[in-house]
1. Mind listing whichever residues of the range 91-139 are of a type in the set (S, T, N, Q) and either part of a helix (DSSP H, G or I) or in contact (Cβ under 8 Å) with a residue 24 or more places away in the chain (or both)?
2. Does LEU150 satisfy being part of a loop (DSSP other than H, G, I, E, B) and at pLDDT 90 or above?
3. When residues of the range 26-47 are filtered for being part of a loop (DSSP other than H, G, I, E, B) and open to solvent by 40 Å² or more (accessible area, probe 1.4 Å), how many remain?
4. Among VAL115, VAL107, which is touching a Phe, Trp or Tyr at 6+ places or on another chain (Cβ under 9 Å) and either among the aromatic types (Phe, Trp, Tyr) or open to solvent by 40 Å² or more (accessible area, probe 1.4 Å) (or both)?
5. From HIS74, HIS23, grab the single residue that is open to solvent by 80 Å² or more (accessible area, probe 1.4 Å), within 30 Å of LEU135 (Cβ to Cβ) and not basic (Lys, Arg).
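The values are calculated or read from the model by the stated rules, or taken from the named source; none is laboratory data. Keep in mind the model is a prediction, meaning the values are calculated, not measured. A quick note on method: Cβ atoms are made from the backbone with ideal geometry, for glycine too, and the neighbour counts reach across all protein chains shown. Just so you know, the surface numbers come from the protein's heavy atoms only, side chains and all, with ligands and any DNA or RNA stripped out. Shrake-Rupley method; radii C 1.70, N 1.55, O 1.52, S 1.80 Å.
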Amino acid sequence: MDELSALTSLSEEDRDQALKRFHLIQPFLEGQMTLSAVAEESGIPLRTAQRWVNRYQQYGLAGLTRKRRRDRGHRRLPSELQKLIEGLALQKSRPTAAAIHRQVAEVAEKHGWKVPSYSSVNNIVRALAPPLVTLAHKGTKAYQESYDLLFRREADKPNEIWQADHTPLDRGLFNKPIRLS
């Protein structure tokens, strides 16, 4: 278990979780109760309590923390399948996640890929950038109203904007001494 690190390098949440688990199995470790009684009293499965005791005896308090997945945040789908899901979600007709999942399941079976779960498909659809979704579903006008500049300066006459930006400033503003107290 090389992933386990020192207790000091764990987050506050992980340390709290380890302490809570320790307090649950502490009566067994001190010989006050049997492990099955501890598990029954605390409402955890006996096998879970056995794992916690083994991990505590091997790795100490840090062993009671939950291991993080190495592939957390990475999808295990083929990139073609992910692009298909994104493409279907950006269709003008705006299909539901369930409809997209059904179509993706057919394509995955034809290619011999593992069929992604509905939640995986839904997560990919929800992760699409809102400006991209607006552009695909509502068109350029709605996109421009939502994400482009609201006010554009347009000049009716030559040098009109330049003249407005270069007005004379009061000299009194710059001639006053600044007092630091």
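1. If the condition is that a residue be of a type in the set (S, T, N, Q) and either part of a helix (DSSP H, G or I) or in contact (Cβ under 8 Å) with a residue 24 or more places away in the chain (or both), then GLN91, GLN103, SER119, SER120, ASN122, ASN123, THR134 are the ones that fit.
2. Considered against the rule, which asks whether it is part of a loop (DSSP other than H, G, I, E, B) and at pLDDT 90 or above, LEU150 comes out as no.
3. Qualifying residue count, the range 26-47: 7.
4. The conditions single out VAL107.
5. Of HIS74, HIS23, the one residue that is open to solvent by 80 Å² or more (accessible area, probe 1.4 Å), within 30 Å of LEU135 (Cβ to Cβ) and not basic (Lys, Arg) is HIS74.
Okay, residues lined up against (1) assigned to a loop (DSSP other than H, G, I, E, B); (2) of a type in the set (A, V, I, L, M); (3) more than 29 Å from the chain's Cα centre (by Cα); (4) more than 30 Å from GLN103 (Cβ to Cβ):
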position: ALA49; (1), (2), (3), (4): no, yes, yes, yes
position: ASN54; (1), (2), (3), (4): no, no, yes, yes
position: LYS67; (1), (2), (3), (4): yes, no, no, yes
position: ARG76; (1), (2), (3), (4): yes, no, no, no
position: ILE85; (1), (2), (3), (4): no, yes, no, no
